[in-house]
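Accompanying notes for the structure given below.
The values are calculated or read from the model by the stated rules, or taken from the named source; none is laboratory data. Since the model is a prediction, treat every value here as computed from it, not as a measurement. Positions of Cβ are backbone-derived with ideal geometry, glycine not excepted, and every protein chain shown enters the neighbour counts.
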Amino acid sequence: MKRRENGDSQPISASRPEKVDTRSSKSEAVPIFWSLAALMAVVVAAPLAGSSHIELGRAFAGVSPDHEIFFYARLPRVILALLGGAALSVTGVLFQCMLRDPLAEPYTLGVSSGASVGAVIAICLGFRATGVASLAGAALVLLIVLGMAVEGRRLSSFTLLLTGVTMNSMAFAVILFLHSLASFSQSFAISRWLMGGLEAVEYSTLAWLAVVVLGVSTVVTAYAPQWNLLAVGDDWAASRGVSTVRLTAIGYVAGSVLTGLVTSLTGPIGFVGLIVPHALRLKLGADHRVLLPCAFLLGGAFLVVCDTLSRTVIAPTEIPVGVLTALCGGPFFLWLLKSRRRSLWL
Amino acid sequence: MSFRAETLGFAYGLHEATFEFPQNGLITIAGPNGAGKSTLLGILAGLRSPYLGSCTYAGREVRQWPKREFAQRVAFLPQSVRLEFPFTAEEVVLMGRTPYARGWFQTDEDRSAAEEAMTITDTLAFRGRDFRSLSGGERQRVILASALTQRPEALLLDEPATHLDLRHQLSLYRLLGGLAKSLLVVAVTHDLNLALQFSNRVMVLDDGRIAGDGAPGDVLNPELIARVFEVQATVHGRWMTYEA
């Protein structure tokens with residue numbers, strides 16, 4: 001160590017020798033590899049499951065109806081679930097880290113509420129483009145929250161949190177008001193939208209969603225070592241050379257873009273962005289270099305599994321996927337929490 | 001010269017402080033609550049700006065240093081670290097290598113710097129344990145190790161002995177005294193006996209102004225302590241007793 005002398009100082013607890021733990025940093029690649037393998041297995045299996053039996057060979061050979069069921073009903077939905085789950089999980093990791101709040105989730109900072117208000121207004125006004133309206137709502141909230149939280153060259157994560165929570169409350173009030181004025185059919189449409197759900201969308205829509213989700217997630221993951229520092233504290237990160245204002249702004253915009261886009265296509269799907277990050281931390285630790293890629297891969301896999309169950313368990317009736325995410329993830333998370341609680345000092 | 005301040009001030013808590021710090025030595029900053037100790041340390045660490053007047057490190061204004069370069073020279077230890085997430089002690093220590101990071105992965109040099117720092121602070125024994133499961137004293141040693149992995153020229157510590165029992169307080173200051181032979185160590189403290197025993201120089205702040213600055217035996221005299229802390233003190237060589 002440069003210019004380092006320990007002089008005659010004795011180690012702080014030299015009088016109490018302890019067994020040396022020789023564990024070193026575990027390889028980052030192993031959990032990422034297994035997460036990728038799990039995702040691939042799920043993505044291959046999920047389109048084959050459903051109320052109608054199909055064969056992969058017939059689907060690729062263009063034999064009807066296997067071809068249509070596989071390529072137009074199930075595969076787009078599986079891809080949407082994969083991208084949605086990945087985006088929500090990555091955002092959950094990000095917001096929990098930025099806000100240093102284990103209860104933070106993609107919907108904490110108001111963007112999804114803005115998206116919901118946009119969609120509800122579109123439904124009430126009879127516009128068909130609910131997705132575009134919800135995107136506009138999400139973008140508006142993003143700008144308002146960012147505008148409130150930025151003060152000169154400072155960006156307070158605490159102000160982000162307070163503004164986001166306030167925007168959530170205001171958006172909820174607007175939705176309630178519009179819901180009370182809506183007709184029966186509009187009211188049903190609003191309820192369906194707010195429940196969240198996955199439907200087959202066009203491949204062109206999936207293509208741009210994939211580009212944005214992959215691009216933003218890659219950028220976010222590139223900053224993984226810096227997220228580790230920000231998870232400890234602003235001063236901790238700043239005193240180790242990290243520009244905390246820039247990093248917080250990147251995190252908020254990235255998480256909001258991911259959440260806003262996914263919400264505009266699926267409506268709000270709860271639990272994924274809260275439970276996947278925590279389950280992964282319990283198993284893999286808090287290093288964002290492992291956590292973010294695994295959250296992307298296993299968050300995607302988790303939502304694909306939940307969606308597959310939602311359309312098969314009581315087929316042909318579908319269970320809203322948000323109900324399944326809570327029912328599948330909740331007990332698993334409680335079991336994990338109970339089994340690891342003592343070792344994690346929770 | 002490392003730090004040099006001229007009529008240094010901050011919007012609240014610090015007024016017209018002028019001083020120079022040498023390249024090495026243990027300097028303690030003492031004073032009552034709200035005297036401006038942490039504000040001064042924050043300015044030195046590059047964490048509080050804009051400040052008034054001038055504060056330079058190695059001849060360059062602290063606020064003008066590129067953050068990464070500055071972090072390779074100056075390390076800061078907060079009073080305490082509260083973690084919400086399950087980082088291991090070793091991961092916390094390795095965070096100190098961020099100013100040197102060239103990419104996403106840690107290098108052998110990063111690991112060897114961390115190992116060396118953990119050896120110095122005697123934290124190797126629990127490198128794989130969840131930081132949150134450590135005692136206050138163990139945590140303090142881990143964050144000290146993290147700062148040492150920055151391989152700094154100056155180490156700034158905000159009340160480093162606060163969570164430590166008497167034995168660990170003495171051990172920590174003994175360690176800081178050893179480190180101060182080769183680098184500048186600046187520690188904010190409320191314990192005047194630790195300042196008297198271990199530091200090469202004491203700066204006492206009162207209401208944001210420097211009330212005393214110099215050798216511990218000269219500065220920490222009963223008159224100054226009575227004036228600044230409103231406490232009657234009796235100095236017995238390198239320790240003192242108080243009377244309310």
_Step by step: first the residues of the range B:149-176, then only those that are in contact with a Gly (Cβ under 7 Å, 6 or more places away or on another chain) and surrounded by 19 or more Cβ atoms within 10 Å (Cβ to Cβ), then the one that is farthest from A:Ser239 (Cα to Cα). Which residue is that?_
B:His168
*Where in the range B:109-223 are there helices (runs of 4 or more DSSP H), lying wholly inside it, with at least 3 residues that are more than 29 Å from A:Arg281 (Cβ to Cβ) and either within 11 Å of chain A (Cβ to nearest Cβ) or modelled with pLDDT under 95 (or both)?*
B:166-179, B:192-198, B:216-219
*Have a look at B:Tyr12, B:Tyr57 and point out the one that is buried (at least 19 other Cβ atoms within 10 Å of the Cβ), touching a residue at least 24 places away in the same chain (Cβ under 8 Å) and in contact with a helix residue (DSSP H, G or I) (Cβ under 9 Å, 6 or more places away or on another chain).*
B:Tyr57
*Restricting attention to the range B:192-244, and to residues there that are charged (D, E, K, R) and within 27 Å of B:Leu179 (Cβ to Cβ), which single residue is surrounded by the most Cβ atoms within 10 Å (Cβ to Cβ)?*
B:Arg201
*Just checking, how many residues over the range A:174-191 are among the aliphatic types (A, V, I, L, M), surrounded by 12 or more Cβ atoms within 10 Å (Cβ to Cβ) and within 29 Å of the chain's Cα centre (by Cα)?*
5
*asked:* Among the residues of the range B:208-230, are any more than 21 Å from B:Leu44 (Cβ to Cβ) and of a type in the set (Phe, Trp, Tyr)?
replied: yes
*Return yes when B:Pro86 is surrounded by fewer than 24 Cβ atoms within 10 Å (Cβ to Cβ), within 18 Å of B:Val185 (Cβ to Cβ) and not hydroxyl-bearing (Ser, Thr, Tyr) and no when it is not.*
no
*Are any of the residues in the range A:330-346 closer than 19 Å to A:Ala46 by Cβ and surrounded by fewer than 24 Cβ atoms within 10 Å (Cβ to Cβ)?*
yes
*asked:* Being polar (S, T, N, Q), surrounded by fewer than 16 Cβ atoms within 10 Å (Cβ to Cβ) and touching a residue at least 60 places away in the same chain (Cβ under 8 Å) is the filter here; which residues of the range B:16-50 pass it?
replied: B:Thr18, B:Gln23
*So, of the residues in the range A:291-320 that are β-branched (Val, Ile, Thr) and farther than 16 Å from A:Ala87 by Cα, which turns out to be surrounded by the fewest Cβ atoms within 10 Å (Cβ to Cβ)?*
A:Thr317
_Scan the range B:53-68 and tell me whether some residue there is part of a helix (DSSP H, G or I), facing chain A (nearest Cβ under 10 Å), in contact with a Leu (Cβ under 8 Å, 6 or more places away or on another chain) and not β-branched (Val, Ile, Thr)._
no
*asked:* Taking the condition of being at the interface with another protein chain (Cβ under 7 Å from one of its Cβ atoms) and of a type in the set (S, T, N, Q), how many residues in the range A:229-264 meet it?
replied: 2
*Restricting the first residue to the range A:273-285 and requiring it to be within 14 Å of chain B (Cβ to nearest Cβ), which pairs with a second residue that is part of a helix (DSSP H, G or I) and of a type in the set (Phe, Trp, Tyr) meet a Cβ separation below 8 Å and a spacing of at least six or different chains?*
A:His278/A:Phe333; A:Ala279/A:Phe332; A:Ala279/A:Phe333
*Given (1) under 24 Å from A:Ser243 (Cβ atoms); (2) outside any strand (DSSP E or B); (3) away from chain A (no Cβ under 11 Å), where does B:Ala71 come up short, assuming only one miss?*
(3)
*Inspect all residues belonging to the range A:320-330 and state whether any of them is assigned to a helix (DSSP H, G or I), touching a Ser or Thr at 6+ places or on another chain (Cβ under 6 Å), at pLDDT below 90 and small (Gly, Ala, Ser).*
no
*asked:* Condition first: more than 30 Å from B:Gly103 (Cβ to Cβ), in contact with a strand residue (DSSP E or B) (Cβ under 8 Å, 6 or more places away or on another chain), among the small types (Gly, Ala, Ser) and more than 14 Å from chain B (Cβ to nearest Cβ). Can you find one or more residues in the range A:146-161 that meet it?
replied: yes
*Yes/no for B:Glu90 being within 7 Å of chain A (Cβ to nearest Cβ) and closer than 20 Å to B:Ala117 by Cα*: yes
_Among (1) more than 12 Å from B:Gln150 (Cα to Cα); (2) facing chain A (nearest Cβ under 7 Å), the one test that B:Ala101 misses_ = (1)
*asked:* Please determine whether any residue of the range A:199-215 is within 14 Å of another protein chain (Cβ to nearest Cβ) and either polar (S, T, N, Q) or crowded, with 21+ Cβ neighbours inside 10 Å (or both).
replied: no
*When the range B:15-42 is examined, which residues are found to be closer than 20 Å to B:Pro216 by Cβ and part of a loop (DSSP other than H, G, I, E, B)?*
B:Phe21, B:Pro22, B:Gln23, B:Asn24, B:Gly31, B:Pro32, B:Ala35, B:Gly36
*Taking interchain pairs and intrachain pairs at least six residues apart, which have beta carbon atoms under 7 angstrom, with the first residue in the range A:83-104 and among the basic types (Lys, Arg) and the second part of a loop (DSSP other than H, G, I, E, B)?*
A:Arg100/B:Glu84
_When you scan the range A:41-54, do you find a residue that is surrounded by fewer than 17 Cβ atoms within 10 Å (Cβ to Cβ) and among the hydroxyl-bearing types (Ser, Thr, Tyr), even just one?_
yes
